[in-house]
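The values are calculated or read from the model by the stated rules, or taken from the named source; none is laboratory data. Just so it is clear, the structure is predicted and the values come from calculations on it, not from any experiment. For neighbour counting, all protein chains shown are included, and Cβ atoms are generated from backbone atoms with ideal geometry for every residue, glycine included.
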Amino acid sequence: MVSSYDTFAASNIVAGTTEQIYNISAGSLKNALDQFTKQTGVSLSYDATELEGITTRGLNGKFSVKRGLDRLLAESGLQAVPQVEGYIVRKDQAARPETKSTKKPTVLPMMQVSADKDSRYLAPRSTTAMKTNTLLRDTPQSITVVTQKQIQDQAPLSMAEAMRYVPGIGVSSGEGNRDAVVFRGQRSTGDFYIDGIRDDVQYFRDFYNIDRIEVLKGPNGMIFGRGGSGGVINRVRKEANW
């Protein structure tokens, strides 16, 4: 037989008017609720799947049952709804569907990126600046080499497209639709060469037989004679390898 005092005490616990001291550490919300149930004797009903991955800041101090539950469930997107006997823990309908604390982290698959040390876009030598096959590191001039691999990947249809990624160079349409090169602000139509021989006539320049394009920038372009002082563009044709 349950006495009137026991009935009154139980109703006070469920109603949340009785205060007691709690010492629940931060961590998993499910473990914290289990400790809360043992310390208070209050029946809690919840769906374990809704508590997966959710943590709590813990509960330390003197609180009533309702306040203690609210502190444990803070920022979890869940709420404690009083029932005839105990509480039921469920999603808070007034809260946002997905908060920072309830959103599960997305683990992306591992991706490994590898590349060869030797780049086919790197040209170690040039014959334009010094008129000899000289290492670029030993050439005291500003020169850029568009390699055959870069020409194949870029697939230029005109000189303007071939010079697209060469720093300090701009190409426009000159008189009679001739290619007009702008070297560091100096515009010229007579600074095209092929294998070191002047090639400033008006025609469409193709790249099917070109091994590389060497671009010499600066006044050293006057080493080729007549032309602008901004630099030169020298196309080097392919050679037989047999």
For this session: Please enumerate the residues belonging to the stretch 205-227 that are within 15 Å of GLN152 (Cα to Cα), acidic (Asp, Glu) and assigned to a strand (DSSP E or B).
Result: ASP211
Exercise. Given the structure, is LYS131 among the basic types (Lys, Arg), in the same structural domain as VAL232 (by TED's automatic domain parsing), under 18 Å from VAL236 (Cβ atoms) and not in a loop (DSSP other than H, G, I, E, B)?
Worked result: no
For this session: Could you tell me whether any residue of the stretch 55-64 is within 19 Å of GLN79 (Cα to Cα), among the polar types (S, T, N, Q) and modelled with pLDDT under 80?
Result: no
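Conditions (1) touching a residue at least 60 places away in the same chain (Cβ under 8 Å); (2) closer than 17 Å to ILE213 by Cβ; (3) not in a loop (DSSP other than H, G, I, E, B), marked per residue:
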position: TYR121; (1), (2), (3): no, yes, no
position: PRO140; (1), (2), (3): no, no, no
position: THR144; (1), (2), (3): yes, yes, yes
position: LYS149; (1), (2), (3): no, yes, yes
position: ALA160; (1), (2), (3): no, yes, yes
position: VAL166; (1), (2), (3): no, yes, no
position: ARG187; (1), (2), (3): no, no, yes
Problem set entry | Positions within the stretch 186-232 being aliphatic (A, V, I, L, M), closer than 18 Å to GLY170 by Cα and in contact with a helix residue (DSSP H, G or I) (Cβ under 9 Å, 6 or more places away or on another chain), in sequence order | ILE213, LEU216, VAL232
Problem set entry | Qualifying residues in the stretch 168-185 (those that are in a strand (DSSP E or B) and touching a residue at least 24 places away in the same chain (Cβ under 8 Å)) - the one surrounded by the most Cβ atoms within 10 Å (Cβ to Cβ) | VAL181
Problem set entry | Looking only at the stretch 142-162, and only at residues there that are of a type outside the set (A, V, I, L, M) and farther than 19 Å from VAL181 by Cα, the one that is surrounded by the most Cβ atoms within 10 Å (Cβ to Cβ) | GLN150
Problem set entry | Filtered residue count, the stretch 35-76, keeping only those that are part of a helix (DSSP H, G or I), of a type in the set (Asp, Glu) and more than 18 Å from GLU19 (Cα to Cα) | 1
